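The values are calculated or read from the model by the stated rules, or taken from the named source; none is laboratory data. Since the model is a prediction, treat every value here as computed from it, not as a measurement. Note that each Cβ is placed from the backbone with ideal geometry, even for glycine, and that neighbours are counted across all protein chains shown.
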């Protein structure tokens, strides 16, 4: 068997497990940018140590002139925005598929703010160079935000001066914008949404303060979904009472599949009796990163499901709509791609060799289906290290009711 194939474990009975997860990738990425802007004077507690965050840490070392973005959307969007408000020239490139991820609307906005962009390949994509300038900067800028909320987050995080941002297009993944605003406000920045299409930032970090990173709730999804597939209960430890993470939506999404969700002294517990569940019709526009896990549960349902509001997933680590449709068909399900999402119908399911597409969420999609389809395999399960190190060990520990591996934190000193 080729080394890149992982034999996906299957359910052996109802689960009774508690899972501990590393810190949020989204929170860590924002915290690293804020720390860089503060000259390293913001302590970060609980930072995620993963490929994406290690790339971000390296990219933000003072004097860096060449940035490897890997496949990290946060690096390829947040760091160029910082570079635009510098006076040096910085070169950006990344993994092969990163060169297919859209970034033109952000770079267009940075040019309107005075930066110079030189494309070294296809215009609007990696690789490129940015030469910033020291100001003064325009007080207003227009931004097409329809492809990614990270464009708006990038401008809010990076601007050192007051800036009013006028948006065109629907902004997906709104919780991530709320997270950005909240984290900036915690550092003394005045960030406001003035109306549906306009945001304002005062720019300056006036009160640099320590940042504590909560567990990654989006990554909690596959583990919580396992409670539905296998039956029993799974608890994710240290679930925050208040959060802007997209993954907090599991509290209302999983009950749509018949799960019981409750808080305990340990964290968030999901309980399910096992068996199949009815299909659902759901708008995931604000929480699109959860779509692969929702899709896996939809495949195992007993009737048709529709996942709406996720057309922007075509520009994620891979074209997730096309990838999900292909992999669902591979195991006997039916999936139709529509303009804004997916229509999924269960079928005569069978084991399959699932392809991960170098996409961490496609890898965990396969792991969920593997629980119900004995004999399934997933290629390149290691791609989960992009945001969730030690996924396989955590998955195995959950299935046997054991203790999750120790969490290693990113060193930012």
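Structure data summary
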{"read-out": "Selection within the range 327-345 - buried (at least 16 other Cβ atoms within 10 Å of the Cβ) and in a helix (DSSP H, G or I)", "value": "327, 328, 330"}
{"read-out": "Any chance residue 384 is within 16 Å of the chain's Cα centre (by Cα), closer than 23 Å to residue 19 by Cα and not in a strand (DSSP E or B)", "value": "yes"}
{"read-out": "Residue 363 in contact with a helix residue (DSSP H, G or I) (Cβ under 8 Å, 6 or more places away or on another chain), assigned to a helix (DSSP H, G or I) and surrounded by fewer than 22 Cβ atoms within 10 Å (Cβ to Cβ)", "value": "no"}
{"read-out": "From 209, 159, 242, residue being in the same structural domain as residue 45 (by TED's automatic domain parsing) and either under 30 Å from residue 297 (Cβ atoms) or out of contact with any helix residue (DSSP H, G or I) (no Cβ under 6 Å at 6 or more places or on another chain) (or both)", "value": "159"}
{"read-out": "Complete set of residues in the range 168-214 that are within 22 Å of the chain's Cα centre (by Cα), assigned to a strand (DSSP E or B) and crowded, with 20+ Cβ neighbours inside 10 Å", "value": "211"}
{"read-out": "Leading residue by the ranking (nearest to the chain's Cα centre (by Cα)) among those in the range 125-156 that are assigned to a loop (DSSP other than H, G, I, E, B) and closer than 20 Å to residue 191 by Cβ", "value": "148"}
{"read-out": "Test: residue in the range 256-273 that is under 16 Å from the mean Cα position of the chain (by Cα) and closer than 27 Å to residue 359 by Cα", "value": "no"}
{"read-out": "All positions within the range 346-356 that are in contact with a helix residue (DSSP H, G or I) (Cβ under 6 Å, 6 or more places away or on another chain) and surrounded by fewer than 24 Cβ atoms within 10 Å (Cβ to Cβ)", "value": "352"}
{"read-out": "Members of the range 6-32 that are within 24 Å of the chain's Cα centre (by Cα) and more than 21 Å from residue 408 (Cα to Cα)", "value": "6, 8"}
{"read-out": "Test: residue 322 is at pLDDT 95 or above and either closer than 15 Å to residue 224 by Cα or not assigned by TED's automatic domain parsing to the domain that holds residue 362 (or both)", "value": "no"}
{"read-out": "Scan of the range 244-255 for residues that are within 18 Å of the chain's Cα centre (by Cα) and either surrounded by fewer than 19 Cβ atoms within 10 Å (Cβ to Cβ) or under 14 Å from residue 219 (Cα atoms) (or both), ordered by number", "value": "245, 246, 247, 248, 249, 250, 251"}
{"read-out": "Failed condition for residue 378, given (1) touching a strand residue (DSSP E or B) at 6+ places or on another chain (Cβ under 8 Å); (2) surrounded by fewer than 21 Cβ atoms within 10 Å (Cβ to Cβ); (3) not in a helix (DSSP H, G or I)", "value": "(2)"}
{"read-out": "Flag for residue 293 being assigned to a helix (DSSP H, G or I), in contact (Cβ under 8 Å) with a residue 12 or more places away in the chain and not assigned by TED's automatic domain parsing to the domain that holds residue 150", "value": "yes"}
{"read-out": "Failed criterion for residue 366 (all others in (1) within 15 Å of residue 253 (Cβ to Cβ); (2) at pLDDT 95 or above hold)", "value": "(1)"}
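Condition check ((1) touching a residue at least 60 places away in the same chain (Cβ under 8 Å); (2) not assigned by TED's automatic domain parsing to the domain that holds residue 247) across all residues:
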{"residue": "363", "(1), (2)": "no, no"}
{"residue": "367", "(1), (2)": "yes, no"}
{"residue": "374", "(1), (2)": "yes, no"}
{"residue": "383", "(1), (2)": "no, no"}
{"residue": "387", "(1), (2)": "yes, no"}
{"residue": "406", "(1), (2)": "no, yes"}
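Conditions (1) outside any loop (DSSP other than H, G, I, E, B); (2) within 30 Å of residue 340 (Cα to Cα), marked per residue:
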| residue | (1), (2) |
| --- | --- |
| 233 | yes, no |
| 248 | yes, yes |
| 253 | yes, yes |
| 265 | no, no |
| 277 | no, yes |
| 289 | yes, yes |
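Rundown of residues vs (1) in contact (Cβ under 8 Å) with a residue 60 or more places away in the chain; (2) under 30 Å from residue 85 (Cα atoms), yes/no style:
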residue	(1), (2)
4	yes, no
10	yes, no
13	yes, no
26	yes, yes
29	no, yes
32	yes, yes
44	yes, yes
47	yes, yes
53	yes, yes
